[in-house]
Amino acid sequence: MGRGRLGLGLLLVLAVLGLAFLLLPLLGLIVRAPWSRLRELLSEESSRHALRLSLITSTLATLVSLLLGVPLAWALARFTFPGRSVVRAFVTVPLVLPPVVGGVALFLAFGRRGLIGGPVYDATGWSLPFTSAAVVVAETFVAMPFLVVTVEGALRAADIRYEEAAATLGASRLAVLRRVTLPMVLPSVAAGAVLCWARALGEFGATITFAGNLPGRTQTLPLAVYLELEQDPEAAFALSLVLLAASVIVLVVLRGKWLPGAAAR
């Protein structure tokens, strides 16, 4: 009995240490934040530009991810084809790939001498890297897998009998997808989109590598935090608070989606 209580006590101590390890950095940011100057710092032109660009590009990246990711998730969940597991592995690679490596890979695909970017540049003279569009591409690359994984999981868990019944009644595959499948998994699509948006908003490595850190053009909020940390730490703290607030809001929106039963408690 004594050894059991000792083991339980040790587990609780370790749990508290783990919680403290995760919370102390966030608490430090909140405590050291320049609350008295917060409005002034966030009203600066560079901060407004970075915030506006981040909101625009992350929203566009989410829309592109929805346009491409939902059909991809549906194909992975509903079709059996040779190499499906390999395709799924490549789809999820950006989840674990270092973002800087992702930026390098984007260069090799869409840069002036890239697989696709090279012929486009030679034909038109237009180059994608170091543009606002490059920010959207970088954010989409790292964020879309979150949407695909979420939606594919929901499709696999959905009751396929409703789709079969609709097909038996003469509905085409596209009609079944639009009228039966998507309504069933719509909450998961929304959750995946929110998660995708948050990941795009916080993207740093692939963006700075592929799009650069050009103020007013490619400098998103995370890049502005990195730059301000050397020039004006208080401004970096203020911008970090914006990203922290966005992360907390996303977690509140997704409450019950990650942890079954959490919403009920």
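Summary of values
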{"quantity": "Scan of the stretch 105-148 for residues that are farther than 21 Å from Gly212 by Cα, surrounded by fewer than 19 Cβ atoms within 10 Å (Cβ to Cβ) and not polar (S, T, N, Q), ordered by number", "calculated": "Pro119, Asp122, Ala123"}
{"quantity": "Considering residues of the stretch 153-170 that are within 16 Å of Ala191 (Cα to Cα) and among the hydrophobic types (A, V, I, L, M, F, W, C) only, the residue modelled with the lowest pLDDT", "calculated": "Ala158"}
{"quantity": "Residue check for Gly202: without any contact (Cβ under 8 Å) to a residue 60 or more places away in the chain, under 18 Å from the mean Cα position of the chain (by Cα), within 27 Å of Phe110 (Cα to Cα) and crowded, with 18+ Cβ neighbours inside 10 Å", "calculated": "yes"}
{"quantity": "Long-range neighbours under 7 Å by Cβ, at least six apart or interchain, first residue at pLDDT 95 or above within the stretch 59-82, second crowded, with 18+ Cβ neighbours inside 10 Å and of a type in the set (Ser, Thr, Tyr)", "calculated": "Ala61/Thr140; Val64/Thr140; Ser65/Thr140"}
{"quantity": "Residues satisfying the stated conditions in the stretch 85-104, i.e. in a loop (DSSP other than H, G, I, E, B) and either touching a Lys or Arg at 6+ places or on another chain (Cβ under 7 Å) or surrounded by 15 or more Cβ atoms within 10 Å (Cβ to Cβ) (or both)", "calculated": "Leu97"}
{"quantity": "Residue check, Leu53 in contact with a Lys or Arg (Cβ under 9 Å, 6 or more places away or on another chain) and either hydroxyl-bearing (Ser, Thr, Tyr) or surrounded by 15 or more Cβ atoms within 10 Å (Cβ to Cβ) (or both)", "calculated": "yes"}
{"quantity": "One residue from Ala190, Ala246, Ala167, Ala175 being farther than 30 Å from Phe79 by Cβ and out of contact with any Pro (no Cβ under 9 Å at 6 or more places or on another chain)", "calculated": "Ala246"}
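The values are calculated or read from the model by the stated rules, or taken from the named source; none is laboratory data. In this text, all values refer to a predicted model and were calculated from it rather than measured experimentally. Please note: Cβ atoms are built from the backbone with ideal geometry, for glycine as well, and neighbour counts cover all protein chains shown.
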